[in-house]
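The values are calculated or read from the model by the stated rules, or taken from the named source; none is laboratory data. If you're wondering where the values come from, they're calculated on a predicted model, not measured in any experiment. In this analysis, Cβ positions are derived from the backbone assuming ideal geometry, glycine residues included, and neighbour counts consider all displayed protein chains. We work out accessible area using only protein heavy atoms, side chains counted, and drop any ligands, DNA or RNA first. Shrake-Rupley method; radii C 1.70, N 1.55, O 1.52, S 1.80 Å.
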Amino acid sequence: MPAIVLIGAQWGDEGKGKATDLLGSRVDYVVKFNGGNNAGHTVVIGDEKYALHLLPSGILSPGVTPVIANGVVVDVEVLFEELDALMERGVDVSRLKVSLNAHVITAYHRTLDKVTERFLGKRQIGTTGRGIGPAYADKINRVGIRVQDLFDENILRQKVEGALDQKNHMLVKVYNRRAIEAEEIVTELLSYAERLRPMVTDTALLLHQALMAGKNVLFEGGQATMLDVDHGTYPFVTSSNATSGGAVTGSGIAPNRIDRVIAVVKAYTTRVGSGPFPTELFDESGEYLRANGFEFGTTTGRPRRCGWYDAPIARYTARINGVTDFVLTKLDVLTGLAEIPVCVAYSVDGVRVDEVPVSQSDFHHAVPIYENLPGWTEDITGVRTFEELPQAAQNYVLALEAMSGSRMSAIGVGPGREAIVVRHDLID
Ligand code: GDP
Ligand code: IMO
Ligand code: MG
């Protein structure tokens, strides 16, 4: 009963979409368990490029049942737009299932996301502005709207009025904005019900039955370990559990069902938005990575902050998630560098620290200790076996493997579906 969890090892955009797509032909279900349309996953198939936000990347694989599970926050308008755009390109989206327990992002969540960020000024998180944080806040505050509420007008009206009560005071008196009419929100949400109805179900039961029937289920994490609300660089995080534990609470399958945890890790590091980033580069090397790796956000188009590979972060990810396999992506982006620095530990106030410090200010002050590894100049984008890689590239992968706490089972050498070197099968 293989249940495989696939998560991001760093601060997102590691290439989870591509890794999911790689497994797509061999799994029956792909489940999104956290986040919402803050995610941006790019999948390149031949000449076609797809950018997925709310939908799991597995939707592009024929035969896969994509599932939006209870841990996700769903902007229904965005969901329909994404489905329409895929249908126009000939993708079969008819099997999509959406949890009745997933929470809904409304117009007031999007408004609050933007005004609270503006209010934070210099301390802003740099959110994607999609309403993610306010929707999860309502969930925890027990004033959220769930997908199932869209099918009961009376309950929906009561809940929306309840949720807006306090918020309107805040919007008007604190943020100097106009109050939001409950009835407008109710009318909008009710208008989604008919189209949504055939997609909704008890996805926890569906997944349980799938696993019992011996189906392969892939849980695709949005965001990444260092953006996890509990284990990331709080408060500069997203508002959900992007780590492997989130696959359990976010889908309703039990922890002992999980057979494999795959972490996708870039051969260097990037981050979008604010927050600490020890190996960040502010010189031409950073520009080199941004230009060669085309490091611009899939969701917001913002330039991504770029830096060298951080082995303590990879070890932390391996530990927190129980990683069985890493997929190392974007090795090709490093081609042409004479030497490649890799962070092996930090210096915090003059003291060597080998693990990610738990204290926020220590992590802010962490100065990377680098080891320089030899680079290579040969084009590796056409390479399909490990032995074909230049010796220095092989050594780079082996060095990372030795310091990162799990084996490097696949290596990305280009954006395309086929641009991958597999060392160990990811499903067996
Ligand atoms: P995700 O959010 O983790 O799914 O990642 P994104 O799609 O936001 O960002 C990863 C980017 O890297 C996308 O543009 C991918 O097409 C691209 N990509 C993925 N793997 C590789 C690789 O091995 N080499 C190169 N050059 N690009 C890759
Ligand atoms: P994928 O799945 C990179 C970042 C935002 C911001 C913080 C909080 O493509 O890897 P939010 O809107 O979630 O409240 O923003 O998290 N962030 C991401 N960064 N990749 C993502 O998703 C992200 N999703 C959120 O930039 O710093
Ligand atoms: Mg992304």
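Would you say residue 372 is surrounded by 13 or more Cβ atoms within 10 Å (Cβ to Cβ) and more than 19 Å from residue 6 (Cα to Cα)?
So residue 372 does not fit the description; no.
Report every pair of residues separated by at least 6 positions or lying on different chains whose Cβ atoms are under 6 Å apart, first residue within region 1-18 and in the same structural domain as residue 258 (by TED's automatic domain parsing) and within 7 Å of ligand 2 (Cβ to nearest atom), second open to solvent by 10 Å² or more (accessible area, probe 1.4 Å) and part of a loop (DSSP other than H, G, I, E, B).
12/223
Run down 55, 83 and say which single residue is surrounded by fewer than 24 Cβ atoms within 10 Å (Cβ to Cβ), at pLDDT 95 or above and over 11 Å from the mean Cα position of the chain (by Cα).
Testing whether each residue is surrounded by fewer than 24 Cβ atoms within 10 Å (Cβ to Cβ), at pLDDT 95 or above and over 11 Å from the mean Cα position of the chain (by Cα) leaves just 83.
Find all pairs meeting these conditions: Cβ atoms under 6 angstrom apart; at least six residues apart or on different chains; first residue within region 38-50 and more than 6 Å from ligand 1 (Cβ to nearest atom); second residue among the β-branched types (Val, Ile, Thr).
Pairs found: 38/128; 38/132; 50/43.
State whether one or more residues within region 219-234 are more than 28 Å from residue 361 (Cβ to Cβ), aromatic (Phe, Trp, Tyr) and either open to solvent by less than 10 Å² (accessible area, probe 1.4 Å) or within 10 Å of ligand 2 (Cβ to nearest atom) (or both).
yes
Per-residue answers, yes or no, for (1) farther than 22 Å from residue 17 by Cα; (2) in a helix (DSSP H, G or I); (3) of a type in the set (Ser, Thr, Tyr):
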{"site": "233", "(1), (2), (3)": "yes, no, yes"}
{"site": "247", "(1), (2), (3)": "no, yes, no"}
{"site": "282", "(1), (2), (3)": "yes, no, no"}
{"site": "286", "(1), (2), (3)": "yes, yes, no"}
{"site": "289", "(1), (2), (3)": "no, yes, no"}
{"site": "294", "(1), (2), (3)": "no, no, no"}
{"site": "299", "(1), (2), (3)": "no, no, yes"}
{"site": "314", "(1), (2), (3)": "no, yes, no"}
{"site": "318", "(1), (2), (3)": "no, yes, no"}
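Listed here are the residues, each with its yes/no results for (1) surrounded by 14 or more Cβ atoms within 10 Å (Cβ to Cβ); (2) modelled with pLDDT of 95 or more.
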residue: 130; (1), (2): yes, yes
residue: 133; (1), (2): yes, yes
residue: 138; (1), (2): yes, yes
residue: 144; (1), (2): yes, yes
residue: 154; (1), (2): no, yes
residue: 165; (1), (2): no, no
residue: 174; (1), (2): no, no
residue: 180; (1), (2): yes, yes
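Given (1) in contact with a Gly (Cβ under 6 Å, 6 or more places away or on another chain); (2) buried (at least 24 other Cβ atoms within 10 Å of the Cβ), where does residue 42 come up short, assuming only one miss?
Result: residue 42 passes all but (2).
For residue 59, only one of the following conditions fails: (1) within 16 Å of ligand 2 (Cβ to nearest atom); (2) not in a helix (DSSP H, G or I). What is its number?
Among (1) within 16 Å of ligand 2 (Cβ to nearest atom); (2) not in a helix (DSSP H, G or I), residue 59 violates only (2).
Within region 21-40, which residues are touching a strand residue (DSSP E or B) at 6+ places or on another chain (Cβ under 7 Å) and within 11 Å of ligand 2 (Cβ to nearest atom)?
32, 34, 35, 36, 40
I need a count of the residues in region 1-39 that are assigned to a loop (DSSP other than H, G, I, E, B) and either of a type outside the set (S, T, N, Q) or crowded, with 23+ Cβ neighbours inside 10 Å (or both).
Residues flagged as assigned to a loop (DSSP other than H, G, I, E, B) and either of a type outside the set (S, T, N, Q) or crowded, with 23+ Cβ neighbours inside 10 Å (or both) within region 1-39 amount to 18.
Which pairs have Cβ atoms under 7 Å, sit 6 or more apart or on different chains, and link a residue in region 66-78 that is within 13 Å of residue 146 (Cα to Cα) to one that is aromatic (Phe, Trp, Tyr) and assigned to a loop (DSSP other than H, G, I, E, B)?
69/33; 71/33; 72/33
Among the residues in region 294-304, are any away from ligand 1 (no atom under 15 Å from the Cβ) and either surrounded by fewer than 17 Cβ atoms within 10 Å (Cβ to Cβ) or closer than 21 Å to residue 371 by Cβ (or both)?
No, every residue in region 294-304 fails to be away from ligand 1 (no atom under 15 Å from the Cβ) and either surrounded by fewer than 17 Cβ atoms within 10 Å (Cβ to Cβ) or closer than 21 Å to residue 371 by Cβ (or both).
Against the condition more than 24 Å from residue 273 (Cβ to Cβ), more than 16 Å from ligand 2 (Cβ to nearest atom), touching a residue at least 12 places away in the same chain (Cβ under 8 Å) and open to solvent by 20 Å² or more (accessible area, probe 1.4 Å), how does residue 98 come out, does it pass?
Judged against the criteria, residue 98 is not a match.
Among the residues of region 202-217, which ones are touching a strand residue (DSSP E or B) at 6+ places or on another chain (Cβ under 7 Å), open to solvent by 30 Å² or more (accessible area, probe 1.4 Å) and of a type in the set (A, V, I, L, M)?
Correct list: 206 only.
Which one is farthest from ligand 3 (Cβ to nearest atom), of the residues in region 1-27 that are closer than 15 Å to residue 426 by Cα and of a type in the set (D, E, K, R)?
Checked region 1-27; the qualifying residue farthest from ligand 3 (Cβ to nearest atom) is 26.
Looking at 322, 307, 273, which is the one that is on the phi > 0 side of the Ramachandran plot and more than 16 Å from ligand 3 (Cβ to nearest atom)?
322
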